[in-house]
Each structure stands twice: as structure tokens, then as C-alpha cells.
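*Asks:* Mind looking over this structure? Questions follow.
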Amino acid sequence: MLRKNEVITTILRVFLGATFFIHGLAKFQGGIENTVGWFESLGLPGFTAYIVALIELIGGIAIVLGVGTRIISILFAIVLAGAIVKVKLAVGFLGNGQMAGYELDLALIAISIYLATTNKSFLALDNVLFRSEKA
């Protein structure tokens, strides 16, 4: 029997995955070298742009499909925490009129933590790949 919280968890999982997939795709479509340059301007090694973009792109697809949700959710939370500390904290919770604040990042962290700590959700491939031993 399908429970209401499984449906809500699925909605959150698909939303989070789609959001990250779109951000990762945008980094590659906009020219990953631009993102590399921006990361370097923040004092980060350029290769971290590739790591973040791949986590967002591949992780986004995986989360939508429900594969490796817990691990990828933790990676998403780490990426978001890094974005807040390195970029968004200086502009405040709501931003400064030129750049968005970190309110959305916090909401996405909350969703990521929820997904990392909850049971599998409805329509997730993890349910097929890693069946629990319930009789």
C-alpha cells in the first residue's frame, strides 16, 4: 500500500534531481570553460567546476530515476554548502539586488538532507536494485 509520505518523498526527489540536472546542463551549455574561469576567480581550482557540473548533471538524472539517492543527496548538500560559504553568504539571505541570496540553497539543502535520511521513495530504481528483506 502506497503511503502519502512516499508520494511526497518522490515529488521532492524528482524536483531536486531536475533542479540539479538543469543547473549542471547550463554549466556545460554555457561553456564549461566560463564556469572554470568563474571558479578560479573565486580562488577555487578550475577542475572543481567539472566536478560540480558532473555531480549536478549525472546526480540530477540519477536522483530523478531514484538511483543512489542517499549518496547523491549528500553530495548535493556539500555542493550547496560550498556555494553558500564561498559565494552567497556575502550577499545575505535574500541577496543584494544583483545576485540571489542563499534562501533557495538552504531549501535545497533541507530537501537533500531529508532524502539522505529517509526510506526509499515511490517509483525509485533503488527499490528494484536493493530490495529490502520484508516478507
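A short reminder: the numbers here are calculations on the coordinates, not readings from a lab. Quick caveat: nothing in here was measured; it's all calculated off a predicted structure. Every residue, glycine as well, gets a Cβ built from its backbone with ideal geometry; the counts of neighbours run over all protein chains shown.
*Asks:* For the stretch 43-112 and the stretch 1-39, what is the separation of their Cα centres, given in Å?
*Replies:* The two parts, judged by their Cα centres, are 9 Å apart.
*Asks:* Please list, by residue number, every one of the GluC sites (Glu not before Pro) in the stretch 46-135 that is coil in DSSP and has at most 12 other beta-carbon atoms within 10 Å. Each step should come with its number before you reach the end.
*Replies:* Working: sites: E56, E103, E133; in loops: E133.
Of the GluC sites (Glu not before Pro), the ones in loops of the stretch 46-135 whose Cβ has at most 12 other Cβ atoms within 10 Å are E133.
*Asks:* Extension gain V85-L44, at 0.36 nm per residue separation less the Cα-Cα distance, in nm?
*Replies:* Numbers: separation 41, 0.36 × 41 = 14.76 nm, distance 1.24 nm.
Fully extending the segment from V85 to L44 adds 13.5 nm.
*Asks:* Still on this structure, I have one more. Which of N119, N34, N96 ends up with the largest GNM mean-square fluctuation for the chain, with Cα atoms connected below 10 Å?
*Replies:* Taking springs between Cα atoms under 10 Å, the residue moving most is N96.
*Asks:* If each DSSP helix of 4+ residues adds -39,500 (n - 2.57) and the sum is divided by the residues in the chain, what number results at 222 nm, nearest 500 deg cm²/dmol?
*Replies:* -22000 deg cm²/dmol
*Asks:* Just to be sure I follow the rule: in the chain, considering lysines 8 or more places apart or on different chains, how many pairs have Cα atoms under 22 Å apart?
*Replies:* Values: K4/K120; K4/K134; K27/K86; K27/K88; K120/K134.
Value for the chain: 5.
*Asks:* So what is Rg over Rh here for the stretch 1-106, counting just Cα atoms and using Kirkwood for Rh? Show your work: numbers first, answer last.
*Replies:* On the way: Rg = 15.0 Å, Rh = 14.7 Å.
Here Rg/Rh amounts to 1.02.
*Asks:* Sticking with this one: Which FRET efficiency value, to the nearest 0.05, do you get for K4 and A107 by plugging their Cβ-Cβ distance into 1/(1 + (r/R0)^6) with R0 = 30 Å?
*Replies:* Numbers: r = 21 Å, r/R0 = 0.70.
It comes to 0.90.
*Asks:* With θ set to phi - 60° and the Karplus curve 6.51 cos²θ - 1.76 cosθ + 1.60, what are the ³J(HN,Hα) couplings of the stretch 110-123 in order, to the nearest whole Hz, using x for Gly and Pro?
*Replies:* Ordered by residue, 3J(HN,Hα) equals 4, 5, 4, 5, 4, 5, 6, 10, 9, 5, 4, 9, 4, 6 Hz.
*Asks:* Also, quick follow-up: Using modelled backbone amide H atoms (1.01 Å from N, in-plane), which distant-in-sequence or interchain residues come within less than 5 Å of G66's amide H?
*Replies:* Excluding prolines and chain starts, which carry no amide H, the hits are L125.
*Asks:* Take the chain, connect every pair of alpha-carbon atoms lying under 10 Å apart with a spring to form a Gaussian network, then pick out the residue of L65, L89, L108 with the largest mean-square fluctuation.
*Replies:* Result for the chain, Cα springs under 10 Å: L89 fluctuates most.
*Asks:* Assign unit charges at the C-beta atoms only (+1 for Lys and Arg, -1 for Asp and Glu), then state the dipole size of the stretch 4-121 relative to its Cα centre in Debye, rounded to the nearest 20. Walk me through the intermediate numbers first.
*Replies:* Working: 7 positive and 6 negative charges, 63 e Å.
Rounded to the nearest 20 debye, it is 300 debye.
*Asks:* Using each residue's phi in the stretch 53-70, evaluate 6.51 cos²θ - 1.76 cosθ + 1.60 at θ = phi - 60° and report the 3J(HN,Hα) Karplus result to the nearest Hz, with x for Gly and Pro.
*Replies:* Going residue by residue, I get 4, 6, 4, 5, 5, 6, x, x, 5, 4, 5, 4, 6, x, 10, x, 4, 5 Hz, with x marking Gly and Pro.
*Asks:* The chain: longest stretch without exposed trypsin sites (Lys or Arg not before Pro) (DSSP loop, at most 13 other Cβ within 10 Å), sites themselves excluded?
*Replies:* Details: sites that count: R3, R131, K134.
My reading of the result: 4-130 is the longest stretch.
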